[in-house]
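Working notes, beginning with the structure itself.
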Amino acid sequence: MLSSCQTASAGAKLLCFPEAFSFIGAKDGDSVRIAQPLDGPIMDQYCSLARESSIWLSLGGFQEKGSDPQHLFNTHVVVDDTGKIRSTYRKIHLFDVDVPGGRVYKESSFTESGKDVVAVDSPIGRLGLSVCYDLRFPEIYQLLRFQHGAQILLVPAAFTKVTGEAHWEILLRARAIENQCYVIASAQAGIHNDKRESYGDTLIIDPWGTIVGRLPDRLATGIVVADIDLSLVDSVREKMPVAKQRKPFDFWRAASL
């Protein structure tokens, strides 16, 4: 596995971590117990890593201390190459799901939902932030693209093995195609404990829906590197001008069904 310094020396400007990058609990409640504020020691270490390596970090799915002792925020943090937190997004769509053939998940039992859609400028383009289960809700990505000007959609995740096998790649390519954005999806992989297994398959997808980066082994720990070509974003959008052709959100409220 490449270190952050090696990644930076390879020319990378942004290093993306998956959801739950700093901790995955073995028991219910573990994540809440270890949750820290954004100015706590865990995030401070990652800010130091960004500064020392001179690289931007996308830290998806940080266990941020919530507004009461029973809850946390599942927070996507973007840190710049000076170690400064540039933006934070608190996961809006919480994973309350009875997975077919799997276990029942109730993320809302220990996680507060966020309320804000967040995009931020970076050296590789304008980033639209999301986390994992958000992927199933196209509206947030439409807002990121058409109202917040995103060029790259970040989807750090820990998809389950069952849902990942069925939907992971399909949903990611759909979000890239319909929004004409790059998608960078950093994924947790493998068996974490006796209750949790993640699908893996870290992907980078261009705005035409082509996979331009993928780990050879979806369960491997490693780093995949790809170039982000913003001229391709512009070309795809110019040749298929959906931004001009699409109806505004208000149109559908007034449309008769």
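Residues in the range 147-167: is at least one assigned to a helix (DSSP H, G or I), open to solvent by less than 50 Å² (accessible area, probe 1.4 Å) and of a type in the set (S, T, N, Q)? Yes, the range 147-167 contains a residue that is assigned to a helix (DSSP H, G or I), open to solvent by less than 50 Å² (accessible area, probe 1.4 Å) and of a type in the set (S, T, N, Q).
The sole residue among Ile191, Ile204 that is farther than 24 Å from Gly114 by Cα and either at pLDDT 95 or above or among the hydroxyl-bearing types (Ser, Thr, Tyr) (or both) is Ile204. If you filter the range 179-204 down to residues that are touching a Lys or Arg at 6+ places or on another chain (Cβ under 6 Å) and closer than 17 Å to Leu219 by Cβ, you find that the one that is most open to solvent (accessible area, probe 1.4 Å) is Glu197. Taking (1) within 29 Å of Gln45 (Cβ to Cβ); (2) open to solvent by 50 Å² or more (accessible area, probe 1.4 Å); (3) assigned to a loop (DSSP other than H, G, I, E, B) in turn, Val117 satisfies each apart from (2).
Could we say that Val212 is aliphatic (A, V, I, L, M), surrounded by 15 or more Cβ atoms within 10 Å (Cβ to Cβ) and touching a residue at least 60 places away in the same chain (Cβ under 8 Å) here? Here the answer is no, as Val212 does not meet what is asked.
Just to verify a result, which residue in the range 215-249, among those that are among the polar types (S, T, N, Q) and surrounded by fewer than 13 Cβ atoms within 10 Å (Cβ to Cβ), is farthest from Ala187 (Cα to Cα)? Quick ask: steps written out before the conclusion?
Taking the range 215-249 first, the residues among the polar types (S, T, N, Q) are 221, 231, 235, 245.
After this cut, where a residue has to be surrounded by fewer than 13 Cβ atoms within 10 Å (Cβ to Cβ) as well, the list is 221, 231, 245.
Values: Thr221: 10, Ser231: 27, Gln245: 34 Å.
The qualifying residue farthest from Ala187 (Cα to Cα) is Gln245.
Here Ala176 meets the list (1) open to solvent by less than 10 Å² (accessible area, probe 1.4 Å); (2) touching a helix residue (DSSP H, G or I) at 6+ places or on another chain (Cβ under 8 Å); (3) closer than 18 Å to Cys16 by Cα almost entirely, failing just condition (2).
Quick one: is Phe110 open to solvent by 40 Å² or more (accessible area, probe 1.4 Å), of a type in the set (A, V, I, L, M, F, W, C) and touching a residue at least 24 places away in the same chain (Cβ under 8 Å)? Steps first, answer last, please.
Numbers: open to solvent by 40 Å² or more (accessible area, probe 1.4 Å): yes; of a type in the set (A, V, I, L, M, F, W, C): yes; touching a residue at least 24 places away in the same chain (Cβ under 8 Å): yes.
The answer is yes for Phe110.
Under 6 Å between Cβ atoms, at least 6 apart or on separate chains: pull out the pairs that start in the range 49-60 with a residue that is assigned to a helix (DSSP H, G or I) and end on any residue that is open to solvent by 10 Å² or more (accessible area, probe 1.4 Å) and at pLDDT below 95. Taking only residues 6 or more apart or on different chains, the pairs are Leu49/Ser4; Ser53/Ser4; Ser53/Cys5; Ser53/Ala8.
When residues of the range 85-113 are filtered for being charged (D, E, K, R) and part of a strand (DSSP E or B), how many remain? Write out each step before concluding.
Initially, the range 85-113 is screened for residues charged (D, E, K, R), giving 86, 90-91, 96, 98, 103, 106-107, 112.
Cutting the leftovers down to part of a strand (DSSP E or B) gives us 86, 90, 96, 98, 106, 112.
So the answer is 6.
Being in a strand (DSSP E or B) and either exposed (fewer than 14 other Cβ atoms within 10 Å of the Cβ) or in contact with a strand residue (DSSP E or B) (Cβ under 9 Å, 6 or more places away or on another chain) (or both) is a property that Arg126 has. For the range 82-104, the candidate set comprises residues that are in contact with a strand residue (DSSP E or B) (Cβ under 9 Å, 6 or more places away or on another chain), touching a residue at least 40 places away in the same chain (Cβ under 8 Å) and not aliphatic (A, V, I, L, M); within that set, the residue that is surrounded by the fewest Cβ atoms within 10 Å (Cβ to Cβ) is Arg103.
The values are calculated or read from the model by the stated rules, or taken from the named source; none is laboratory data. Fair warning: this is a prediction, and the values are worked out from it, not measured in the lab. Here the Cβ is made from the backbone with ideal geometry for all residues, glycine too, and neighbour counts use every protein chain on show. Keep in mind that these areas ignore ligands, DNA and RNA; they rest on the heavy atoms of the full protein, side chains included. Shrake-Rupley method; radii C 1.70, N 1.55, O 1.52, S 1.80 Å.
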